[in-house]
Structure formats: C-alpha cells, structure tokens
1. Considering the chain as a Gaussian network with a 10 Å cut-off on Cα pairs, which listed residue, 82, 288, 332, attains the greatest mean-square fluctuation?
2. Please quote Rg/Rh for the chain to two decimal places, taking the Kirkwood radius as Rh and restricting both calculations to Cα atoms.
3. Using Cα pairs under 8 angstrom and six or more residues apart, how large is the relative contact order of the chain, in percent?
4. Percent of Cα-Cα pairs per 10 Å bin, from 0 to the last occupied bin, for region 91-209, please list those.
5. Which whole-percent values make up P(r) of region 1-139 when all C-alpha to C-alpha distances are grouped in 5 Å steps starting at zero?
6. What's the ranking of 349-355, 233-239 by average number of surrounding C-beta atoms within 10 Å, highest first?
7. Figure the gain on full extension for residue 269 and residue 28 (residue separation times 0.36 nm, minus the Cα-Cα span) and round it to one decimal in nm.
8. Volume per residue, Å³, of the convex hull around the alpha-carbon atoms of region 178-329?
Ligand SMILES: Cc1ncc(COP(=O)(O)O)c(C=O)c1O
C-alpha cells in the first residue's frame with residue numbers, strides 16, 4: 001500500500017543506537033533493567049499516577065487487570081465494540097463476557113444497558129474508551145459503586161487523552177494501555193496498567209514476573225508479562241516525542257474533519273474535544289455498502305482503510321448467541337482513515353477525494 005492505515009513513529013536511529021550501546025555495556029536485557037525502571041517512572045509522571053506498571057502488551061495488561069479480581073469465576077459486563085483482545089482476555093481468564101450494547105453517538109458502553117445486565121454473578125464492568133473517546137465515566141462509576149463491582153477501562157487507545165483536566169487513564173479501578181506499533185505512542189510491543197494504590201501495583205508487578213518476591217520466593221501465581229530493555233528504550237525516546245506526536249495528530253485530525261464533504265457518513269462524536277488525543281479518524285457510513293465501496297476504491301488507489309472495529313464482538317464464534325443491534329450496525333459501517341505521523345497533507349487529500357466521492 002502506498003498509504004497504509006498506520007505507520008509507527010520512529011525516533012532518530014542514532015538515538016536508539018546509543019541506547020542499544022548502553023544495553024550492550026550493561027549486558028542487562030530484561031528483568032527490571034535501568035531503562036525499564038526509568039520508563040515506568042517517566043510514564044507514571046506523564047499519566048499522573050505513580051501506580052503505573054509497564055507490561056509486555058495491551059493484552060497481557062488486560063489479563064493481569066482481570067487477574068486482580070481474584071477467583072476467576074463469574075461474569076464481566078463488557079462492550080461488543082472494541083478490539084477482540086478485550087473479549088478474548090475475559091474468556092482466557094476464565095470469566096464469562098456479558099455484552100451490553102453501546103451508545104449510538106459516542107460508541108462507549110451504554111451505562112443503562114449495563115444496569116439491565118447486572119446479576120448476582122457479575123464481578124466487574126470492562127469498558128473501552130473507543131478511539132481514545134471517554135466512556136460515560138461518571139455513570140459507570142456510579143453503577144459500579146452501587147453494586148460493589150470493579151470498574152476496568154481498556155484504555156488501549158487513550159495515551160495522551162485527558163478528561164476533566166486529568167489523564168483518562170486515572171479513572172476506574174484499573175485502566176490498561178497498549179503500546180503496540182500501530183498505536184499513537186508505542187514501544188514496538190508493550191502495554192501498561194494504571195491502578196489506584198500501592199498494594200494493587202505490587203500485586204500486578206508480581207503477576208508480571210511469575211509471582212516472584214525474591215530469587216527463590218514466590219507469592220501467588222504469575223506469568224511472564226515483562227517488558228524488556230529494548231522496548232523500554234523505544235518507550236523512553238517516544239515519550240520524549242509525545243507532545244510533538246500529539247500536536248501533529250491533532251492538526252491531521254482537524255484537516256480530515258474540516259474537509260469531509262460527503263453527506264453519506266458521520267464522524268466521531270467527541271465527549272470532550274479539548275483533551276482528545278486524535279488517535280484514530282473513524283468514519284461511519286450510513287450504509288455498509290458505502291463503506292465497502294470506499295474500502296474497495298481506496299485499495300485500487302493504493303490506500304488502506306481499516307474496518308476497525310469489526311466484527312462486533314458479541315458475534316465471535318466462542319460467544320453464546322446474543323444481540324447488540326447498535327454495535328452490530330456500527331461495526332458493519334465503520335472504517336478508519338490513514339493516520340500517522342508522517343502522513344502528508346497531500347496524502348490526506350488523496351484519501352479525502354475517495355471518501356468524498358462515495
Ligand atoms: C481496544 C484494544 N484493546 C486491546 C488491544 C490489545 O493490545 P496489544 O496489541 O498491545 O496486545 C488493542 C490492540 O489493538 C486494542 O485496540
């Protein structure tokens with residue numbers, strides 16, 4: 001593809017090389033190396049929470065977050081409109097996902113639909129801040145408080161988003177992040193978990209390292225979800241470029257928004273424009289046929305549009321049949337336009353000419 005839907009931001013190669021040289025000098029590749037410790041600290045400062053743990057992926061972040069709930073039995077009320085990892089992590093950890101439909105305008109889990117699904121088996125609510133657009137946080141918090149449920153946010157897309165003046169990742173009992181290469185901020189592969197207190201962070205840090213509390217001592221179960229020094233070095237360099245990345249995204253996002261002229265689609269309704277990270281530019285066509293036509297025409301012209309999120313997760317083949325009409329309808333009509341640091345204005349205009357021609 002001439003214009004892919006996403007390209008990773010890459011720091012200057014010489015800067016990365018210098019950090020690789022330091023790894024060679026220290027001969028320390030993983031397990032709480034200097035870069036990991038520094039990256040975790042800087043990331044915590046950026047987010048505004050000292051209770052931040054860096055892990056190997058956004059998926060392992062979700063798995064460890066779910067693990068903090070304890071005995072893995074019971075139901076998790078969740079969104080059908082997210083990436084497959086949100087649902088598969090629930091099933092992988094032994095819980096049953098119960099889908100509640102989404103809000104039509106903002107695409108987050110609909111609190112009213114959540115209430116209708118609560119039962120004696122419910123353990124937690126797991127909602128996604130879709131494209132970095134905040135869920136209806138206050139209502140979800142109120143429901144989780146009233147019913148004594150944990151509230152987990154999949155914040156895979158939420159790096160750099162603020163809501164009511166603080167990082168979106170500081171809401172809920174736990175929020176998770178993905179630093180996969182396709183994300184606005186990445187560590188090649190990686191992720192993080194932001195929680196509310198020291199005890200939970202210590203638990204998560206044990207989970208990510210086999211349960212170790214000393215060389216020969218263990219406390220509870222664990223897996224290997226550690227981030228290594230090479231990924232942490234990438235994280236440190238990309239973190240120092242984060243302001244620049246976010247500003248560029250915002251201007252690209254505004255260009256798309258200002259120049260879409262077709263009446264056959266709608267763009268993302270933002271819950272709070274000010275703090276939005278402009279991580280994706282989804283367009284929701286009025287009909288599935290229009291979206292398919294756009295994808296086909298774009299492909300012919302060397303442009304990748306990605307059907308994201310598709311399919312609606314309540315339709316996965318390991319999920320009991322159930323119906324979420326809004327999510328199913330949106331996911332059959334939505335796709336994301338190319339958006340990455342190096343995307344030029346003229347490339348954006350090429351994309352727009354295809355979209356506006358539908
Ligand atoms: C909403 C959402 N949750 C979770 C993930 C999984 O993150 P990772 O690819 O880092 O495992 C992704 C990745 O695309 C995502 O978009």
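Since every read-out is calculated from the coordinates, none of them should be taken as a lab result. Nothing here was measured: the structure is a model prediction, and the numbers come from that model. Using ideal geometry, Cβ is built from the backbone for each residue, glycine included, and neighbour counts are taken over all protein chains shown.
1. Comparing 82, 288, 332 in the GNM, the peak value goes to 288.
2. 0.97
3. Contact order relative to length: 23 percent.
4. Reading the bins upward from 0: 13, 42, 37, 9, 0.
5. 2, 8, 13, 14, 16, 14, 12, 9, 7, 4, 1, 0
6. 233-239, 349-355
7. On the way: separation 241, 0.36 × 241 = 86.76 nm, distance 4.62 nm.
Roughly 82.1 nm would be gained on extension.
8. Convex hull volume per residue, Cα atoms: 208 Å³.
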